[in-house]
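Structure record follows, encoded as structure tokens.
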Amino acid sequence: MVQHIDNPVVELHNVTVAYQQKPVLWNIDYTLPEGNLIGIIGPNGSGKTTMIKAMMGLLPLSSGYTKIFGKDLDDVRSRVSYVPQRGSVDWDFPANVLDVVLMGRSKPKNIFKRLTSQDRAIALECLRKVKMENFVKRQISQLSGGQQQRVFLARALAQEADLYLMDEPFVGVDMATEQAIIDLLKEMREKGKTILVVHHDLQTVKDYFDWVVLLNTRLVASGKTEDVFQSELLNETYGGKLNILSQVSNLLKAKGHPVREK
Amino acid sequence: MDAFWIILTGALVASCCALLGCFLVLRKMTMVGDAISHAVLPGIVIAYLLAQSRASITLLIGAAVFGVLITLLIETLHKQGKMQLDAAIGLSFTLLFAIGVILISSFTGQVDLDQDCVLYGEIAYIPLDLGWRAIPRQVWVLGILLMSIVLFIQIGYRGLFITTFDETFAASLGISTLFWHYALMSAVSFTTVLSFESVGAILVVAFLVGPASVAYLLTDKLPQMLILAVLAGILASIGGYFLAVAINGSIAGAMASVIGIEFGLVLGIKKIRRLTSKAPQSVFGG
């Protein structure tokens, strides 16, 4: 089930991406509405990361095209922010928090110039928004997982974009950080920003997202959360595996198995 | 005075290599530096044979061409040929280096380049080849190279920083990661060929990797790392010279050995400190 809309922020048209002849994304075709918090849901290896990398032009498309704000990515790049997986960089790199956030103020145009005091002010303001203002000069090697994710988020905020593509921002972060991030994302949505989040904790989907994309190499569904987030489509996305998992959790619920925090 | 010129030459080579080496270490590309340092050999010989001159500029162009060529070759074998990166590096640089060795050995008669000089360098002869104002030619050449590298890093600092720390993010900003990759690789090629005469193809790798690694252990700030790497390099140049005099051995070899000793010392002190300190911050790897 795919709900299409007019004047989409993001449009993927028959997009196929393949690694070594093997398709990772097959014929993806959807449109996404503006001002929404959108969850991209699917099992491991279903092509979620590949899809947002393809949207950012970081991977070649085998076929199809993507449009962002109705245009090619290169025309609207300054309005799009990409947040890679936290684990994709080396956190032992000799840099401090502010260095990383200031990366968000860099553009091809100013790469050879000095950053202005305004750039610094924006970076500091973004650190304040993610409650990391006390860590400005902290070396990134000394941050916890949740703090690393906040720094990545601040870097994205510093780009002052209208569309955010976030790859697994909630993986390996503490509850406080997850809550802080989701509050911030909701606040951004109120300002009309569109946020795509690659996500795989099914329990929180209904609370977090207005719109859901279900993916498993093929597009299973794309639409409003209340229409799309239902067991039939989820089973199709996770192919049977979900069944076992949900049985286990039902069993646990029934037996009142104690849930312990580690 | 000879001692001064030799130490200065060593220090200049070490400083150039240390600065670029920092970025190679952080990009986890030191083996590409190794590959470049060997692969420029056929470039130098071919340039020499074509131009019949040992003018630095000719050799520089030949070396730069091959330096970029091997980075292209490695990328192609790795990405298109689906080879493991380390296998691609090993295969391509030994091939090019072998071609260089064959070229030198078969044109030995006509060419004033000999294998020993290319492989091991001969820093002891540096003071004999005087240039303008009775300062050795190599000191001029390396001095200008060092200034160019400092300028390159000064101007390109942010580009190098972003593409080194998070290449994917840099690409998402529209910054050309290829440009920065090849800019750095070209700089490494230039440095390698200009360091040839003094330290040779094999030991230049020690200068590229060693001081940067020492500095990486000592600090977690990039500007400090660059400065400390240069200091480690200069120290090795001074220490190596006196070590070589004491044991009457190869000067370049002694300099490279001192880098190894520096690394061992720093690593050892760090380990001992970590074991003895019970400070809570050690939990976070600080």
- Starting from the exponent 0.38 and prefactor 2.2 Å, build the expected Rg for region A:74-131 from its residue count and divide its actual Cα Rg by it. 1.23
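Which whole number gives the average count of other chain Cβ atoms within 10 Å of the Cβ atoms across peptide B:160-170? List each step's numbers first, then the result.
Values: counts 0, 8, 6, 1, 3, 10, 9, 4, 9, 15, 4.
Taking all residues of B:160-170 together, the mean is 6.
Rounded to a whole number, what is D in µm²/s for chain A from Stokes-Einstein with the Kirkwood radius over alpha-carbon pairs (10 °C, 1.306 mPa s)? Could the numbers behind the result be given before it?
Details: Rh = 19.5 Å.
Using the Kirkwood radius from Cα pairs, D works out to 81 µm²/s.
What average count of beta carbons from other chains do you get within 10 Å of the Cβ of residues in A:88-95?
Numbers: counts 4, 5, 6, 2, 4, 7, 14, 7.
Per residue, the number of nearby Cβ atoms from other chains is 6 on average.
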- Query: Under 19 Å from a point 7 Å along the Cα-to-Cβ line of B:ALA134: which residues of region B:1-29 have their amide N that close?
  - Reply: B:1-9
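Find how much the distance from B:LEU85 to B:GLN224 grows on full extension, using 0.36 nm per residue of separation minus their present alpha carbon separation; answer in nm with one decimal. Intermediate results must be reported in sequence, preceding the final value.
Values: separation 139, 0.36 × 139 = 50.04 nm, distance 3.01 nm.
Taking 0.36 nm per residue and subtracting the Cα distance, the gain is 47.0 nm.
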- Task: Could you calculate the FRET efficiency of A:ASN7 with B:LEU151 from 1/(1 + (r/R0)^6), where r is the beta carbon distance between them and R0 is 56 Å, rounded to 0.05?
- Result: 0.70
- Between B:VAL199, A:VAL101, B:VAL258, whose Cα lies farthest towards the positive end of the dipole of the protein assembly as shown when Lys and Arg beta carbons carry +1 and Asp and Glu beta carbons carry -1, centred on the Cα centre? A:VAL101
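Is there a simple number for the mean count of other chain Cβ atoms within 10 Å of the Cβ of residues in B:215-222, and what is it? Can you show the working numbers first?
Numbers: counts 1, 2, 0, 0, 2, 9, 6, 5.
Counting Cβ atoms of other protein chains within 10 Å of each residue's Cβ and averaging gives 3.
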- Please compute the net charge surrounding A:GLY64, taking Lys and Arg as +1 and Asp and Glu as -1 over other residues with Cβ under 12 Å from its Cβ. -1
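Determine the calculated [θ] at 222 nm for chain B from helices alone, applying -39500 (n - 2.57) to every DSSP H run no shorter than 4 residues and normalising by the residue count; nearest 500 deg cm²/dmol. Don't skip to the end; give the middle numbers.
Numbers: 10 runs with 228 residues, N = 286.
Using -39500 (n - 2.57) per qualifying helix, the result is -28000 deg cm²/dmol.
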- trypsin sites (Lys or Arg not before Pro) in region A:176-223 lying in a DSSP loop, each with at most 15 other Cβ atoms within 10 Å of its Cβ, come to A:LYS191
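Once R0 is set to 51 Å, what does the formula 1/(1 + (r/R0)^6) return for the Cβ-Cβ distance between B:LEU275 and A:GLU34, expressed as a FRET efficiency to the nearest 0.05?
On the way: r = 57 Å, r/R0 = 1.12.
E between B:LEU275 and A:GLU34, to the nearest 0.05, is 0.35.
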- Take the Cα atoms of chain B, build their convex hull, and give its volume per residue in Å³. 152
- Query: Which whole-angstrom value gives the distance between the alpha carbon centres of region A:44-72 and region A:122-175?
  - Reply: 24
- Note down the magnitude of the dipole of the protein assembly as shown about its Cα centre, charges +1 on Lys and Arg C-beta and -1 on Asp and Glu C-beta and zero elsewhere, to the nearest 20 debye. 1080
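With loop defined by DSSP as not H, G, I, E or B, and exposure as at most 11 other Cβ atoms within 10 Å, which is the longest segment of chain B clear of exposed trypsin sites (Lys or Arg not before Pro)? Walk me through the numbers on the way to the answer.
Values: sites that count: B:LYS28, B:LYS82, B:LYS278.
It works out to B:83-277.
Scan region A:154-221 for GluC sites (Glu not before Pro) in coil per DSSP, keeping those whose Cβ has at most 16 other Cβ atoms within 10 Å, and list them by number. Don't jump to the answer; show the numbers that get you there.
Details: sites: A:GLU160, A:GLU178, A:GLU187, A:GLU190; in loops: A:GLU160.
Answer by residue number: A:GLU160.
With a sphere of radius 15 Å drawn around the Cβ of B:GLY268, what net charge do the other residues whose Cβ falls strictly inside it have (Lys, Arg +1; Asp, Glu -1)?
Details: positive: B:LYS270, B:LYS271, B:ARG273, B:ARG274; negative: B:GLU262.
With Lys, Arg at +1 and Asp, Glu at -1, the net is +3.
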- Note on the structure: Kirkwood-based Rg/Rh on the Cα set of the protein assembly as shown evaluates to 1.05
- Query: What order, most packed first, do the peptides B:142-148, A:97-103 have when packing is the mean number of other Cβ atoms within 10 Å of each residue?
  - Reply: A:97-103, B:142-148
- Note on the structure: Length gained, B:THR94-B:PHE4, 0.36 nm per residue minus C-alpha separation, equals 28.9 nm
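Rule-based calculations on the coordinates, nothing more; no lab input. All values derive from a computational prediction rather than experimental measurement. Positions of Cβ are backbone-derived with ideal geometry, glycine not excepted, and every protein chain shown enters the neighbour counts.
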